[in-house]
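Have a look at the structure below before the remarks.
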Amino acid sequence: MKVLEASRLGSLVESMCLEISTTLPEDVVLALSAFSERESSLRGRKVIEMILENAVVAARGKLPICQDTGVFSIYLTLGRDTAVQGDLSGELEKAVSRASSEGFLRSSIVRSPASSRMNTGDNTPPVIKVGISGGESSTVSVIAKGGGSENASRLSMLHPGAGWEGVIDFVVKVVEDQGAKSCPPLILGVGVGGSFDCAPELAKKALLRPLNEKNPDPEADRMEEELVKAVNELGIGPGGFGGDVTCIGARIAQAPCHVANLPVAVSINCHALRRKTVSI
Amino acid sequence: MARVLRLPLSREDVQDLKVGEEVLLSGPALTMRDASLKRYETILNEGKQLPVDLKGELIFHAGPTPAARGRPCGSIGPTTTARMDRFLSWMLESGVVAVLGKGPRGTGHAGLHGRHGAVYFAAVGGLGALYAGMVEEIELMAWEDLGPEAIYRVELKDFPAIVAIDSRGEDMYVSLYTDYRKRG
């Protein structure tokens, strides 16, 4: 039996929160640079240049990439024969609180959401999901997502016959309606299948897979390319000022679902895709 | 070449700005967003004492991060303006001359700008670290309990933006995507 100490997981998560808040991942930088070449709008290219410059300024000065330092979601996936010792939820909450004060992160979480909306003052509580896998190792992932792009995300329960065409139409329509205000160029996490509650989680977790890593399912891999192409035909462009680059990547994750269902969720992420996964 | 604008602006100053025009904003602005606008609206409706007068102001829809040691301002940048549409009417009636935010407004709101001769400047979202260097000072004006959503006085320095809605109510976003759109 492998035993993971909750306090050590907390320290790890704390450093991950700090790192992702100020450092744009290498794969995102590379994708932005590559897509910049395809942008015919001068203003669009200028926006991508500013995004890349912002990443440099943020990393150099240890400043948050975006003032919306987001809501932290922590995904712990336990491998076989693995246990956690200690107060996992408490340690992870403390980790986020410490990172928020050390990193001068914005307090963006409020309690009593439909009434007082009192700011919790330290970005707690984070979203914590503990999963299991049959693998040897365990992983922890942290993603920080801003409120604007979270507002733009959607779920639809399609008819089973809608197929990939229905999935793509749905996602493209969401981006058409919401894309300009969710800080494009976007990265789209798409969850296909599962259940009403499972599809959005698949979508968000799909964003964890690096942009330079192919989808292991060749069909889904093709659909990712098709989706990027279709979304980039919308003309929304970088910063929403018009252009060819509305999206720099789509990541699809699938799960089996009920015979009567085809759930599809799209987790829209702004260009500041802040996430990291570590194997333990 | 971007037009350099010195804040505060009067409605005369913004009269000849045209949609799509690039500007650089320098001078004092007030940050207000969801929570502070809602509280301001409540107090306004109750006819009670307001902490700041909005007449002649540029309202920056933003919520900064706390400033780290030795820095005037933390990361700061525009949030989604469309969420503030619901407050626009009384903001403009209170004398707001310009709004700085990001993204398109909802249908019908450009007309409100036109009726009051006020402009909407759009900036790029997600550039908080870069924009931090364009804010020389920040001072809490009201409602510290709202944290990042409190009202702050910020001193902008060459802050780049685009005229998204001009004082005649022309909206840049209405036909912005047609040139690049390849879908039916």
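Bear in mind that the values in this text are calculations on the coordinates, not laboratory data. Computed from a predicted structure; not experimentally measured. Counting neighbours? That spans all protein chains shown, and the Cβs are built from the backbone with ideal geometry, glycine included.
Binning all Cα-Cα separations of chain A at 5 Å, short to long from zero, yields these whole-percent fractions: 1, 6, 12, 16, 18, 17, 14, 10, 5, 1, 0, 0.
Pairs of lysines in segment B:3-183 whose Cα atoms sit within less than 23 Å of one another amount to 9, provided the residues are eight or more positions apart or on different chains. Please figure out what share of the DSSP beta bridges in segment B:3-183 is antiparallel and state it in percent, rounded to the nearest 5. Antiparallel: roughly 60 percent of the beta bridges in segment B:3-183. Annotation: aspartates and glutamates with alpha-carbon distance below 17 angstrom to A:Lys2 (same-chain offsets under eight excluded): A:Asp81, A:Asp87, A:Glu136. Between B:Asp179 and A:Val56, the modelled label-to-label distance comes to 2.7 nm, taking each label 7 Å out from Cα in the direction of the beta carbon. Computed over segment A:89-214, the P(r) tail beyond 26 angstrom holds 36 percent of alpha carbon pairs. Quantify how much of the Cα-Cα distance distribution of segment A:167-280 extends past 16 Å, in percent. Percentage above 16 Å: 57. Take chain A, mark every one of the GluC sites (Glu not before Pro) that falls in a DSSP loop and has at most 12 other Cβ within 10 Å, then report the longest stretch left between them, sites excluded. In short, A:38-135.
Seen from B:Ala164, the other residues with C-beta closer than 14 Å to its C-beta sum to a net charge of 0, counting Lys and Arg as +1 and Asp and Glu as -1. Using a cut-off of under 15 Å, list every residue of segment B:33-70 whose amide N is near the label point 7 Å from the Cα of B:Lys157 along the Cα-to-beta-carbon line. Residues B:70 fall inside that zone. Under the shape rule built on the C-alpha gyration tensor, where the axes satisfy a ≥ b ≥ c, segment B:100-184 is prolate, since a/c reaches at least 1.5 and a/b is greater than b/c. Under the simplified labelling scheme, the B:Arg71-B:Lys38 pair shows an inter-label distance of 2.8 nm, with each label point 7 Å from Cα along Cα→Cβ.
Within the shell of other residues whose beta carbon sits under 10 angstrom from the beta carbon of A:Ala99, the net charge comes to -2, with Lys and Arg scored +1 and Asp and Glu -1. Each listed q (0.13, 0.25, 0.27 Å⁻¹) maps to a log10 I(q)/I(0) for segment A:1-78 from the Debye sum over equal C-alpha point scatterers, namely -0.55, -1.17, -1.24. 3J(HN,Hα) along segment B:135-140, derived from phi through the Karplus expression 6.51 cos²θ - 1.76 cosθ + 1.60 where θ = phi - 60°, amounts to 10, 7, 8, 9, 9, 5 Hz, with x in place of Gly and Pro.
Distance distribution note for segment B:63-130: the fraction of Cα pairs above 17 angstrom is 47%. Reported value for segment A:1-142: 148 Å³ per residue, from the convex hull of its C-alpha atoms.
Note on segment B:3-183: along the principal axes its Cα atoms extend 46, 40, 33 Å, ordered by decreasing extent.
The label point for B:Lys48 and the one for A:Glu225, both projected 7 Å from the Cα toward the Cβ, are 6.2 nm apart. Taking Cβ atoms as reference points and 14 Å as the exclusive limit, the residues near A:Val57 contribute a net charge of +1, counting Lys and Arg as +1 and Asp and Glu as -1.
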